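The structure under discussion appears below in the form of structure tokens.
The values are calculated or read from the model by the stated rules, or taken from the named source; none is laboratory data. The model shown is predicted, which means the values in this text are computed figures rather than measured ones. Reconstructed Cβ throughout: ideal geometry from the backbone, glycine too, with neighbour counts over all protein chains shown. Only protein heavy atoms, including side chains, enter the accessible area calculation; ligands, DNA and RNA are left aside. Shrake-Rupley method; radii C 1.70, N 1.55, O 1.52, S 1.80 Å.
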Amino acid sequence: SAIESTRRALGYVPALEEAVSMSDATRVPVSVLVRALFNPETMMLLARMGNNSYGQTVNPLAGFAAPVSCCSTFAAWGEATEKNDLLIGRNMDYPLNGFYDRFPTVIYFEPTGRDALKYMTFTSAGIHTAGLNAYNEAGIFLTSHIVPTTEMSSRGVPVFMTANQVIRRAKNFDMAIEIFKDFRPPSGWAYLLASTKENRIATVEISNQDIVVRETEKQNCHIQTNHYLTPEMRDRHLFLNSSVTEDNDGRYLRIQQRLQQAYSRLNVGEAISILGDQVDPYVGEVRGLGNTVGVHTTMTSLVL
């Protein structure tokens, strides 16, 4: 099913051409590069298969598929910042210590298609997609967040491929949303989407069956961790265990606390400090594990 979905997706995505070129350059089989796009979603499909709607584990293998790729992102702008500008802070938290963090990489893309935009991605060497963190010349920025959900299917289009098209083609906020709507991913995701030229910030909450946009209008900050927050999607979140839920909420709460404390004086240095914060908001103390923004799996941090 995954390969069938890839073939359908390749009808509109130049990913196959890029994968073939990457294969030619690195001698990595093209099948490996294509299948790599499915990796995080395969883990989430396994997690769903191991849990029922009440979060009760019915497959002991599900514990091994629990999400440890729990990233944090925030945006602040206007009077919340020192210079009335837009600041975005992003932690990429993956269990790839000694690999991902060894080769932080910025890749610049200059596609030749008629409607294609120039764009860049912030990643690690060997990650051949702009679907994680990217920014294009039209001022569109996006970051990915895995969200365990009950609405999954093995026949979805890999979200990294869709997100790659968003950053390659979207010239404004609404166009980005329409591209996200065109294709459903196999599993759950939340993409923080920012249009820097339109001053619009939102989270695109996606499952295999639905998409809802959580846009910030009146506040001057926006936060995203690894859960759905809209009323429409909240009950579609897949409960894995209490620790995962507490960690998602804790990171969100702590970033919110730090943004409130730094209101009107947030700058790059303060944003970096927030990304490295190790205070557990539930106990008000520094901790080495659990419920903290900065963790041992924070492979890369990014401030724009």
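Of the helices (runs of 4 or more DSSP H) contained entirely in the range 184-303, those carrying at least 3 residues that are touching a residue at least 24 places away in the same chain (Cβ under 8 Å) and under 17 Å from the mean Cα position of the chain (by Cα) fall at 242-261.
What tally of residues in the range 75-101 results from selecting those that are modelled with pLDDT of 90 or more, touching a strand residue (DSSP E or B) at 6+ places or on another chain (Cβ under 8 Å) and outside any loop (DSSP other than H, G, I, E, B)?
Summing the residues that are modelled with pLDDT of 90 or more, touching a strand residue (DSSP E or B) at 6+ places or on another chain (Cβ under 8 Å) and outside any loop (DSSP other than H, G, I, E, B) in the range 75-101 gives 11.
Scan the range 109-132 and tell me whether some residue there is touching a residue at least 12 places away in the same chain (Cβ under 8 Å), touching a Pro at 6+ places or on another chain (Cβ under 9 Å), surrounded by 17 or more Cβ atoms within 10 Å (Cβ to Cβ) and among the aliphatic types (A, V, I, L, M). Yes, the range 109-132 contains a residue that is touching a residue at least 12 places away in the same chain (Cβ under 8 Å), touching a Pro at 6+ places or on another chain (Cβ under 9 Å), surrounded by 17 or more Cβ atoms within 10 Å (Cβ to Cβ) and among the aliphatic types (A, V, I, L, M).
Listed here are the residues, each with its yes/no results for (1) closer than 17 Å to residue 146 by Cβ; (2) modelled with pLDDT under 90; (3) out of contact with any Leu (no Cβ under 9 Å at 6 or more places or on another chain); (4) among the hydrophobic types (A, V, I, L, M, F, W, C).
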site	(1), (2), (3), (4)
170	no, no, no, yes
174	no, no, yes, no
191	yes, no, no, no
198	no, no, yes, no
217	no, yes, yes, no
243	yes, yes, yes, no
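Exactly one residue among 265, 251 is among the basic types (Lys, Arg) and buried (at least 22 other Cβ atoms within 10 Å of the Cβ), and that residue is 251. Restricted to the range 133-159, and to residues that are part of a strand (DSSP E or B) and open to solvent by 10 Å² or more (accessible area, probe 1.4 Å), which residue is farthest from residue 32 (Cα to Cα)? The qualifying residue farthest from residue 32 (Cα to Cα) is 135.
Taking residue 48 as the residue in question, decide whether it is open to solvent by 50 Å² or more (accessible area, probe 1.4 Å), within 23 Å of the chain's Cα centre (by Cα) and modelled with pLDDT of 70 or more. Answer is no for this residue. There is at least one residue in the range 184-200 that is over 18 Å from residue 71 (Cβ atoms) and crowded, with 24+ Cβ neighbours inside 10 Å. For the range 186-202, a residue qualifies if it is in contact with a Lys or Arg (Cβ under 9 Å, 6 or more places away or on another chain) and farther than 15 Å from residue 77 by Cβ, and the qualifying residues are 186, 187, 188, 190. The condition of being farther than 26 Å from residue 239 by Cα and polar (S, T, N, Q) holds for residue 196.
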